[in-house]
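See structure below.
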Amino acid sequence: MRVARACRDLGVRSVAIFSDVDRDALHVRHADEAYNCGPAPAAKSYLDIARIVEIARQCGANAVHPGYGFLSENADFAQACADAKLVFIGPKPETIRAMGDKVISRQRMQAAKVPIVPGTTERLTDDQAVAFAREIGLPVMVKASAGGGGRGLRLVQREADLVAALKRGRSEAKSSFGDDGIYVEKFVEEPRHIEIQILGDSHGSVIHLCERECSIQRRHQKVIEEAPANGMPPKLREDMGRAAVAAAKAVGYEGAGTVEFLVDRKLAFYFLEMNTRVQVEHAVTEMVTGIDIVKAGIRIAAGEPMGLRQDDVGIHGWAIEHRICAEDPDKNFMPSPGKITAYRAPEGPGVRVDSGVSLGAEVTVYYDPLIAKLICWGRDRGEAIARARRALHEYTIEGVKTSIPFHRRVLENPKFLSGQFDTSFIETELGGATGGTARKQ
């Protein structure tokens, strides 16, 4: 939906692909053309590179936008598009490949003098991992070299748990990414997750669009994002922006992307990873900068100069995004598939809804449960939160359980309202996975 809207703004025709169960999906109805790409399982449809390339040839497309899921960070897909003389709307295959492997990306960032979390810059055997953990001291993070999204990631606080964590991390990484490589980092205590949006074009220009606060997470998955970040000193914003641009230049980045950092309680920051795609939370940055990131990415892929300088970027007001998922927050966020029997999105000043569903839509078990993003803007954080609170109460979705009640609880929490929180917020303040009764720290 987001890509189709950007195409329409640019006067470009859009072509949707859909699996058998998505035949009546909202994006299919909004695109100018639509083609079936296979059965419901993603491996047989949305992950079928040959089929997608064939559809692009069949319909006469000259570019492919990978979105932010499935094949969006797959270097083989980007290469297949290039081989088929299709423009891939994103960075070059070699950039995706370099930044998709966390060990290689750490090496590249270290060479570019971008600060990284203390840890290894090589893949490790289990024996090497144990020895390194003993050397730097626990707690440590065991991380998968490939992929992201919290998969293959383990926090180890006791040496007795280290071997089991390595085994589980490798197994999860292998099943999720087909690669069981792991490395070890020092655990950053009380971290905030802050990321910088970047844009780079084929003419050598790279700029950043300032930062987003992504510390409200559950099991390393982002739940709520804000722009700008809470209590961000101007010098830290400048230093992190400069580091993000250096990271992008180090890999010849073209298109829209994100450099993610951890920030400790002393405001030291460390490179975490680079996402070589448009992110789910790009909307909060659009709201405070006025820059259409998706449209900019399409223009860059077409070979146009970015047309923006760093001095053109400013922050105006505050934006907050809530990820609305078909999950039951009172039952450990269990997925809640089913048919949407009532749907009414909130409206009014400062409210934006990027939704992939409508009345009568079927939420299936096959794909991610994210069904909409609620983004609210205000002149300051207080007004943005007030509008989000109002919008969440207006939002009506029936037929499936959603995370809306959970988001309402977050917006009533004193610690969230103070802006003084880190990535442990949900666990320490809202009863962990269930998002239930608050606990004292």
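In table form, for the structure just shown:
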item	result
Residue list for the stretch 234-268, filter: without any contact (Cβ under 8 Å) to a residue 12 or more places away in the chain and over 27 Å from residue 292 (Cβ atoms)	235, 266
Which numbered condition residue 113 fails, given (1) at positive phi; (2) crowded, with 20+ Cβ neighbours inside 10 Å	(2)
Residue 409, sole failed condition from (1) within 27 Å of residue 31 (Cα to Cα); (2) assigned to a helix (DSSP H, G or I)	(1)
Test: residue in the stretch 68-79 that is under 18 Å from residue 18 (Cβ atoms) and in a helix (DSSP H, G or I)	yes
Residue list for the stretch 80-116, restricted to those being among the charged types (D, E, K, R) and either part of a helix (DSSP H, G or I) or assigned by TED's automatic domain parsing to the domain that holds residue 59 (or both)	83, 85, 92, 94, 97, 102, 106, 108
Selection from the stretch 189-228 of residues that are surrounded by fewer than 23 Cβ atoms within 10 Å (Cβ to Cβ) and small (Gly, Ala, Ser)	202, 204, 205
First in the stretch 68-85 and under 11 Å from residue 46 (Cβ atoms), second anywhere and part of a loop (DSSP other than H, G, I, E, B) and among the basic types (Lys, Arg), Cβ under 9 Å, 6 or more apart	69/277; 72/277
Yes/no for residue 391 being under 17 Å from residue 280 (Cβ atoms), assigned by TED's automatic domain parsing to the domain that holds residue 286, among the hydrophobic types (A, V, I, L, M, F, W, C) and at pLDDT 95 or above	no
Residue list for the stretch 47-67, filter: touching a residue at least 60 places away in the same chain (Cβ under 8 Å) and part of a loop (DSSP other than H, G, I, E, B)	65, 66, 67
Those residues of the stretch 92-139 which are hydroxyl-bearing (Ser, Thr, Tyr) and farther than 22 Å from residue 155 by Cα, in sequence order	95
Options 247, 256: the member that is surrounded by 24 or more Cβ atoms within 10 Å (Cβ to Cβ), of a type in the set (Gly, Ala, Ser) and in a helix (DSSP H, G or I)	247
Test for residue 163: is it in a strand (DSSP E or B) and farther than 30 Å from residue 285 by Cα	no
Of all residues in the stretch 133-164 being of a type in the set (A, V, I, L, M) and within 25 Å of the chain's Cα centre (by Cα), the one that is surrounded by the most Cβ atoms within 10 Å (Cβ to Cβ)	144
Residue 353 being within 23 Å of residue 334 (Cα to Cα) and either at pLDDT below 95 or within 24 Å of the chain's Cα centre (by Cα) (or both)	no
Single condition residue 324 does not satisfy, out of (1) surrounded by fewer than 20 Cβ atoms within 10 Å (Cβ to Cβ); (2) more than 30 Å from residue 62 (Cβ to Cβ)	(1)
Pair list, Cβ < 6 Å and 6+ apart or interchain, from the stretch 9-28 residues that are closer than 14 Å to residue 46 by Cβ to residues that are surrounded by 17 or more Cβ atoms within 10 Å (Cβ to Cβ) and of a type in the set (S, T, N, Q)	19/45
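Residue-wise test of (1) modelled with pLDDT under 95; (2) of a type outside the set (Lys, Arg); (3) farther than 30 Å from residue 379 by Cβ; (4) assigned to a loop (DSSP other than H, G, I, E, B).
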site: 141; (1), (2), (3), (4): yes, yes, yes, no
site: 155; (1), (2), (3), (4): yes, yes, yes, no
site: 168; (1), (2), (3), (4): yes, no, yes, no
site: 172; (1), (2), (3), (4): yes, yes, yes, no
site: 193; (1), (2), (3), (4): no, yes, no, no
site: 211; (1), (2), (3), (4): no, yes, no, no
site: 214; (1), (2), (3), (4): no, yes, no, no
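Let's see how each residue does on (1) within 23 Å of residue 389 (Cβ to Cβ); (2) of a type outside the set (Phe, Trp, Tyr):
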position: 302; (1), (2): no, yes
position: 307; (1), (2): no, yes
position: 313; (1), (2): no, yes
position: 318; (1), (2): yes, no
position: 337; (1), (2): no, yes
position: 343; (1), (2): yes, no
position: 348; (1), (2): yes, yes
position: 362; (1), (2): no, yes
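The values are calculated or read from the model by the stated rules, or taken from the named source; none is laboratory data. Source: prediction; values computed, not measured. A quick note on method: Cβ atoms are made from the backbone with ideal geometry, for glycine too, and the neighbour counts reach across all protein chains shown.
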